[in-house]
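Report on one structure; see the data block that follows.
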Amino acid sequence: VDFMEKILQKANLLWGSAVTLMSAALGEHWYLFMAFLLLNVTDYITGILKAKYFNVENSCKGLKGIIKKVGYWVCIAIAFFVSVAFRDIGASIGINLEFTQLFGWFTLATFIINETRSILENLVLMDVEVPKFLTKGLEVAEIRAKELTDNEDN
């Protein structure tokens, strides 16, 4: 076995282990959480690039951004915890509360929209030509998500 094949075997083993671990921890849709993490990192990087582009440096703003992203993950965890708790409570008292699983997914989807919009806004501010359908489509998705939330409040 040559050197390159050993590296590929180790990379496959590492990737397989990572996917198995993420699947066990986050379920079959682990890739959605990883996509959100990638959006978090990308938004942070585009924020730094935007600051450099405008020659504005503010470490306090960067720290606030990191804290905000940690807050997103806390909200997502709470939303999924609440949905599982309600589902289990419902099962123990004989009421079907399966619909509450939507709490976590809706929260994750809302934050995915927010992060994606933020990335695109950063790019637009740096004079990157972003197709209108992306910015408009995300705007419509955010408005629709807000309408659903507002309807739930009522």
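The table that follows gives values for the structure above.
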read-out	value
Residue identified as modelled with pLDDT of 90 or more and surrounded by 12 or more Cβ atoms within 10 Å (Cβ to Cβ) among T107, T135	T107
Any pair with Cβ under 6 angstrom, 6 or more apart, that starts in the range 126-146 at a residue that is farther than 24 Å from I48 by Cα and ends at one that is at pLDDT 90 or above	A141/I113; E142/I113; A145/T110
Residue within the range 110-120 that is of a type in the set (D, E) and either modelled with pLDDT of 90 or more or open to solvent by less than 70 Å² (accessible area, probe 1.4 Å) (or both) present	yes
For L37: the one exception among (1) modelled with pLDDT of 95 or more; (2) part of a helix (DSSP H, G or I); (3) of a type outside the set (V, I, T); (4) open to solvent by 60 Å² or more (accessible area, probe 1.4 Å)	(1)
Among residues of the range 50-90, those that are touching a residue at least 24 places away in the same chain (Cβ under 8 Å), open to solvent by less than 90 Å² (accessible area, probe 1.4 Å) and more than 17 Å from I112 (Cβ to Cβ), counted	1
Residues (over 13 Å from M126 (Cβ atoms) and of a type in the set (S, T, Y)) located in the range 27-67	Y31, T42, Y44, S59
All positions within the range 91-103 that are surrounded by 12 or more Cβ atoms within 10 Å (Cβ to Cβ) and either under 18 Å from the mean Cα position of the chain (by Cα) or among the β-branched types (V, I, T) (or both)	T100, Q101, L102, F103
Extreme residue, nearest to R117 (Cα to Cα), among residues of the range 1-48 that are of a type in the set (A, V, I, L, M, F, W, C) and in contact with a Ser or Thr (Cβ under 8 Å, 6 or more places away or on another chain)	L39
Scope the range 65-100; condition within 30 Å of L49 (Cβ to Cβ) and not aliphatic (A, V, I, L, M); matching residues	G65, K68, K69, G71, Y72, W73, C75
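The values are calculated or read from the model by the stated rules, or taken from the named source; none is laboratory data. Quick caveat: nothing in here was measured; it's all calculated off a predicted structure. Cβ atoms come from the backbone with ideal geometry, glycine included; neighbour counts cover every protein chain shown. These area figures cover heavy atoms from the full protein model, side chains too; ligands, DNA and RNA do not enter into them. Shrake-Rupley method; radii C 1.70, N 1.55, O 1.52, S 1.80 Å.
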